[in-house]
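Trainee: Here it is, the structure, as structure tokens.
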Amino acid sequence: MADIAAPEDAEPRRIRLHRRLKDLACGDRVELDAAGEQVQRRLPRDNTLVRQDGFGRRKVIAANIDTVWIVIAPSPMPARYLIDRFLVAVYNLPARPRILVNKQDTGPAAPSEWLAPYAHLDLDPLHVSARSGYGLDALAEAARGHTNILIGQSGVGKSSLIAALLERHGSGEIKLPETGDLGASGEGRHTTVTAQWYPLTGGGAWIDSPGVRDFTPELESIDALVRGFPDIEALGEGCRFRNCRHQTEPDCAVRDAVDQGPLPAARLDAWNALLETLEKH
Ligand code: GDP
Ligand code: ZN
């Protein structure tokens, strides 16, 4: 059995799964039988957020995500390398990344200045406070109609934000087990980690799970790195070499863009740092 919310249904309900259907994840869209009583099949996914468990196995946390909110706060101080990795992961899904600056109640928003190198990326930072409620209506409004998740460093207030949001704008909770191994056999096994689907009044939902909150993005390949830096990817079209890594190659349009101003140096620094970790493996 699993809980299902059909968009046409105002109320979520419990429903039987077909015996062979074991690889459902939070956010999956499904097809029901004619009587509307049993899930027949899972529809193709737009994207999947995957994490690695302690044994290096890949697990699907959630599927069909539209918007990923990267949460930062004045404290703990944002770790730039982590934000850059989060961005790479979100652009690779692909999904829309947004920045959420929490703890607005703690005074002047230091992270605003901190965000300057990302200004050209359309991350549209939203300032909120889980504690005072500041900005939460605007957040709910921006989230409506989409499937949303929160990611970010421990301590920035993700749990507090989910709780505060649901208190004001939630309409219940739907639990689905996080699916098991993505083994070649295709046989998923349920794990004890669950992801929750919180429908928003007026459409859309928040997905929450410890797997999302502790998510540390992996970096798989140079292609993933390129996709993860859409600004550098676009500028790279102008480099003399198609596979330019923007290091010491001649006629590099990316380094030129940093020298001449359009690309913040912090972006090339982030690229260089992640390229280095990638090349170490
Ligand atoms: P998570 O690890 O990202 O889930 O963060 P938590 O929700 O557990 O919050 C970490 C700490 O920050 C807790 O002590 C919260 O009370 C506090 N916190 C969360 N949101 C806010 C906020 O908007 N303002 C302030 N001042 N503290 C907050
Ligand atoms: Zn280049």
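Trainee: So L126 ticks every box in (1) at pLDDT below 90; (2) within 16 Å of ligand 1 (Cβ to nearest atom) but one. Which box is left unticked?
Mentor: (1)
Trainee: Which condition from (1) away from ligand 1 (no atom under 16 Å from the Cβ); (2) at negative phi; (3) free of Cβ contacts under 8 Å to residues at least 24 places away in the same chain is the one that R144 breaks?
Mentor: Against the list (1) away from ligand 1 (no atom under 16 Å from the Cβ); (2) at negative phi; (3) free of Cβ contacts under 8 Å to residues at least 24 places away in the same chain, R144 comes up short only on (3).
Trainee: Looking only at segment 246-281, which residues are free of Cβ contacts under 8 Å to residues at least 40 places away in the same chain, surrounded by 14 or more Cβ atoms within 10 Å (Cβ to Cβ) and among the charged types (D, E, K, R)?
Mentor: Answer for segment 246-281, where residues must be free of Cβ contacts under 8 Å to residues at least 40 places away in the same chain, surrounded by 14 or more Cβ atoms within 10 Å (Cβ to Cβ) and among the charged types (D, E, K, R): E249, R255, D256, D269.
Trainee: Could you go through segment 218-234 and let me know if any residue there is in a loop (DSSP other than H, G, I, E, B), in contact with a strand residue (DSSP E or B) (Cβ under 9 Å, 6 or more places away or on another chain) and either polar (S, T, N, Q) or more than 16 Å from ligand 1 (Cβ to nearest atom) (or both). Spell out the reasoning first.
Mentor: Restricting attention to segment 218-234, the residues satisfying the condition of being in a loop (DSSP other than H, G, I, E, B) are 218-221, 229.
Narrowing the set further to residues that are in contact with a strand residue (DSSP E or B) (Cβ under 9 Å, 6 or more places away or on another chain) leaves 218.
Checking the rest, the ones that are also either polar (S, T, N, Q) or more than 16 Å from ligand 1 (Cβ to nearest atom) (or both) come to 218.
Scanning segment 218-234, I find at least one residue that is in a loop (DSSP other than H, G, I, E, B), in contact with a strand residue (DSSP E or B) (Cβ under 9 Å, 6 or more places away or on another chain) and either polar (S, T, N, Q) or more than 16 Å from ligand 1 (Cβ to nearest atom) (or both), so the answer is yes.
Trainee: Are any of the residues in segment 226-245 acidic (D, E) and free of Cβ contacts under 8 Å to residues at least 40 places away in the same chain?
Mentor: To start, the set of residues in segment 226-245 that are acidic (D, E) comprises 231, 233, 237.
Going one step further and asking which of them are free of Cβ contacts under 8 Å to residues at least 40 places away in the same chain, we end up with 233, 237.
The answer is yes; a qualifying residue exists.
Trainee: Quick check on this structure: which one of E113, E187, E141, E167 is surrounded by fewer than 17 Cβ atoms within 10 Å (Cβ to Cβ), out of contact with any strand residue (DSSP E or B) (no Cβ under 6 Å at 6 or more places or on another chain), modelled with pLDDT of 85 or more and of a type in the set (D, E, K, R)? Lay out the reasoning, then the answer.
Mentor: On the way: E113 fails: modelled with pLDDT of 85 or more; E187 fails: modelled with pLDDT of 85 or more; E167 fails: modelled with pLDDT of 85 or more.
Testing whether each residue is surrounded by fewer than 17 Cβ atoms within 10 Å (Cβ to Cβ), out of contact with any strand residue (DSSP E or B) (no Cβ under 6 Å at 6 or more places or on another chain), modelled with pLDDT of 85 or more and of a type in the set (D, E, K, R) leaves just E141.
The values are calculated or read from the model by the stated rules, or taken from the named source; none is laboratory data. Everything numeric here is computed off the predicted structure, so don't read it as measured data. Reconstructed Cβ throughout: ideal geometry from the backbone, glycine too, with neighbour counts over all protein chains shown.
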